[in-house]
Each structure stands twice: as structure tokens, then as C-alpha cells.
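Q: Structure in C-alpha cells, see below.
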Amino acid sequence: MNIRSVIRATRPIGTANAFAADVIAGLTASPKNLPPKYFYDLTGSALFERITELPEYYPTRCEIGILQADAPAIASMFPPGCALIEFGSGSSRKARIILGAAATVEAYVPVDISGDFLQQDLAQLKRDLPHLVVHPLVKDFTQPFAIPPQLADLPRVGFFPGSTIGNFEPDEALHFLRHIGRILGRDSLLIVGIDLVKDEQTLVRAYNDADGITAKFNLNLLARINRELGADFDLAAFRHRAFFNREASRIEMHLASTGRQTVRIDGMTVGFAAGETVHTENSYKYSVGAFQSLARRSGWTPFKTFTDGMFCVHALRMVEEPTAYEDAGV
Ligand code: AVJ
């Protein structure tokens, strides 16, 4: 079946044809772009793990350092007997740091679209913290979902580490923070990690590592399109580009075509001019004040920050009743 017929298909959109549809939409747009969520197939996830260990890539190390240093202070804000709800947990490594210091947490609810996530991690977590109720939810956390009924009455603390929110456009980040507010409800707390804006050299190096792992991570997107959609991208004919866009306060990653070329994707042809790029990722960087202002506009009240000067973990509180989806006006 070719891609156009996939796009036309009337059956429910599954993950494979959603990928095909997003790839075609992005590569026929001007300027060309691809959604960063598709970086994370098996190969891409392994490459991302290697990125987090690179000397140049400071965010993961810094956030873990902050969580370790400030876990007791963070835990001291938690209401007794609360549920810790993690958005897009992947590995429970960061939650574990908090859970180790927060004996008062009654339940841990990791929410992730990938069903095979952390089964092993969770088994180990249950052994380490036998009092803890662990209740994973296999859900797309960007969509509304209900807290399991047996946990619904517990006070709620949200956890969204990893600067993942930096992948969203600022208005999308605002919507997402509002959405989390509706899921967690009034009086909830939210712990969110976001990378800080800083000097250009540090930022640019973090996305242009000497070993070229970030380049491999970026190019894997084209390799994945070849593997899964039968395209014929020549990976040697594209170069990794990453730079800081100061006006927009974001790192941009692109794949630049080394020359004029055409690529076939299942019967369709996409042309590239020499030097033309596919924009593959934005990673927004926020000052403490800029993120707090975004949080306020999403209905959250900034409560406390934990920072090492490189990365910031924000604690936010939902003081008012969150606005309903229909009358949010955003
Ligand atoms: C997982 C989105 C936080 O933006 O720093 C790392 C992804 N891209 N190197 C980031 C990423 C290139 C990362 N986030």
C-alpha cells in the first residue's frame, strides 16, 4: 500500500500510518520539518541514552544533581499520602530519587504511551519501596485521562522532568500546563524540570558533541523513515545542524541536504535544493522568570525553584479550580 492510500485510509489511524502521514505532511511543507517525537524508536532511544552521558550534554546530569541535592526539600512540600503522577516516565530513574526521599508518597502513577516501558524498573521499585502502590497507566499523557478510581481521592503531585516541555512551542507548552492542571486538579503540586537559557557556546556544544552522537540521533530519523516507510534517503547526503536561535530562545536541529537531490518515499518523490534543511527539533530554553510567567498564564502559581544555574526544577501549585477544557479560551 502506498503512502497516499495510507493517508486516504478510512480505518482508524494507527501508529504506522500516523507516522507515514506526519512524514509526508512534514516533507511536503515549506520549510520542511519532521516531528521530534519520532526520534525515539529503539535505535533512537539508545542514542538518546548515550547523549545523556556525553560530557557536553549537561541537562540530564544537572537535573539529576538537583533532584539528589534537593529531594528532601522537594519531598517536604508533598501532602501526606499523596499520589505522584509522572508524565511520560520512560525510565523511573528520576522519580526514584524523589520517591527515596518522600516516604509520604502512597502511590506512584507513571503515565506513558509505551506499554513495555519500565516493567523491570517497576518490579525493582516495588522491591525497594514495598509500601508504595505502583500503578502504571499506558496512555498518551497529552490527552485527557482519569486517575484510577482507587487512587482518585489521594492528594496529587505531578512530575514532568527532562525538559521535555522544551520540545513544545511556547503556546503548546501553555496548553499542556493547563491540561496537566485539569488532570491534577485544585491544590495539586507540579514538579517540572526545564533547561535554562545560558551562554551560546554551552548550549550549542550540548547539541554538537565531539563524538557525533547527536548527529547520529538526528540522522536516525531519516534511517527510520527508510526502515519503516521504505524510503531511500542517502544518509551521507545530509548533515546534522544545531544552532541557538536567540530571538526564539531555542536550539534548532536541522538536517541539511549537501546537494540537489530527490528522495523516494513509497512511490512519492520529495525534492531537496542544495543546502535546504529539514527542521527536526526545537528545544526551548527558559529563564526562571520566563517559565514562571508561562506557568502563571496556565493557571499555576510558582511556588519554589531548585537550580544549579544550568537547569531549573520548578515547583508549581494549582491554587484555584482549573478552568474546564471548553471555557479555557486557549
Ligand atoms: C529530550 C527534548 C529534552 O531537547 O535536549 C537531546 C532531546 N535532542 N539532544 C533536548 C535532545 C538532541 C532533549 N529532550
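Since every read-out is calculated from the coordinates, none of them should be taken as a lab result. Note that the structure is predicted; figures quoted are calculated from it, not measured. Virtual Cβ from ideal backbone geometry, glycine too; neighbours counted across all protein chains shown.
Q: List pairs: first in the stretch 207-225 and without any contact (Cβ under 8 Å) to a residue 60 or more places away in the chain, second in a helix (DSSP H, G or I), Cβ under 7 Å, 6+ apart or cross-chain?
A: Leu219/Leu235; Leu222/Leu235
Q: Restricting attention to the stretch 237-255, does a residue exist that is more than 15 Å from the ligand (Cβ to nearest atom), surrounded by 18 or more Cβ atoms within 10 Å (Cβ to Cβ) and closer than 26 Å to Thr52 by Cα?
A: yes
Q: Given the structure, is Ile180 buried (at least 20 other Cβ atoms within 10 Å of the Cβ), under 24 Å from Phe141 (Cβ atoms) and touching a Ser or Thr at 6+ places or on another chain (Cβ under 7 Å)?
A: Working: buried (at least 20 other Cβ atoms within 10 Å of the Cβ): yes; under 24 Å from Phe141 (Cβ atoms): yes; touching a Ser or Thr at 6+ places or on another chain (Cβ under 7 Å): no.
Judged against the criteria, Ile180 is not a match.
Q: Limited to the stretch 269-319, what total is found for residues that are away from the ligand (no atom under 16 Å from the Cβ) and either surrounded by fewer than 16 Cβ atoms within 10 Å (Cβ to Cβ) or at negative phi (or both)? Quick ask: steps written out before the conclusion?
A: In the first step, residues of the stretch 269-319 are kept if they are away from the ligand (no atom under 16 Å from the Cβ); the result is 269-276, 287-290, 292-309, 315-319.
Narrowing further to those that are either surrounded by fewer than 16 Cβ atoms within 10 Å (Cβ to Cβ) or at negative phi (or both): 269-276, 287-290, 292-298, 300-309, 315-319.
Final tally of qualifying residues: 34.
Q: Taking helices (runs of 4 or more DSSP H) that do not extend beyond the stretch 152-242, which have at least 3 residues that are farther than 25 Å from Ala295 by Cα? Please lay out each step first, then the result.
A: Working: elements: 170-184, 200-206, 213-229.
Helices (runs of 4 or more DSSP H) meeting the threshold: 200-206, 213-229.
Q: Being surrounded by fewer than 20 Cβ atoms within 10 Å (Cβ to Cβ) and within 16 Å of the ligand (Cβ to nearest atom), is that true of even one residue in the stretch 148-156?
A: Within the stretch 148-156, none of the residues are surrounded by fewer than 20 Cβ atoms within 10 Å (Cβ to Cβ) and within 16 Å of the ligand (Cβ to nearest atom).
Q: Sort out for me the strands (runs of 3 or more DSSP E) sitting completely within the stretch 262-330 that have 1 or more residues that are within 24 Å of the chain's Cα centre (by Cα) and not small (Gly, Ala, Ser). If you could, list the steps in order and put the result at the bottom.
A: Working: elements: 268-272, 277-284, 301-307, 311-317.
Ranges flagged: 277-284, 301-307, 311-317.
Residue-wise test of (1) under 19 Å from Ser89 (Cα atoms); (2) over 23 Å from the mean Cα position of the chain (by Cα); (3) among the aromatic types (Phe, Trp, Tyr).
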{"position": "Leu154", "(1), (2), (3)": "no, yes, no"}
{"position": "Thr164", "(1), (2), (3)": "yes, no, no"}
{"position": "Glu169", "(1), (2), (3)": "no, no, no"}
{"position": "His179", "(1), (2), (3)": "yes, no, no"}
{"position": "Arg186", "(1), (2), (3)": "no, yes, no"}
{"position": "Glu200", "(1), (2), (3)": "no, no, no"}
{"position": "Gly212", "(1), (2), (3)": "no, no, no"}
{"position": "His240", "(1), (2), (3)": "no, no, no"}
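Q: Ala73 fails exactly one of the following numbered conditions: (1) more than 16 Å from the ligand (Cβ to nearest atom); (2) out of contact with any strand residue (DSSP E or B) (no Cβ under 8 Å at 6 or more places or on another chain). What is the number of that condition?
A: Unmet condition: (2).
Q: Moving on to the next point. Output the residue which, of all residues in the stretch 205-220 that are aliphatic (A, V, I, L, M) and within 11 Å of the ligand (Cβ to nearest atom), is farthest from Met253 (Cα to Cα). Explain how you work it out, then say what you get.
A: The first filter runs over the stretch 205-220 and keeps only residues aliphatic (A, V, I, L, M), leaving 206, 210, 213, 215, 219.
Of the ones still in play, those that are also within 11 Å of the ligand (Cβ to nearest atom) are 206, 213, 215.
Working: Ala206: 12, Ile213: 13, Ala215: 9 Å.
Among them, the one singled out is Ile213.
Quick grid of which residues meet (1) assigned to a helix (DSSP H, G or I); (2) without any contact (Cβ under 8 Å) to a residue 24 or more places away in the chain:
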| position | (1), (2) |
| --- | --- |
| Gly44 | yes, no |
| Leu47 | yes, no |
| Ile51 | yes, no |
| Arg61 | yes, yes |
| Pro79 | no, no |
| Leu84 | no, no |
| Ser89 | no, no |
| Lys94 | yes, no |
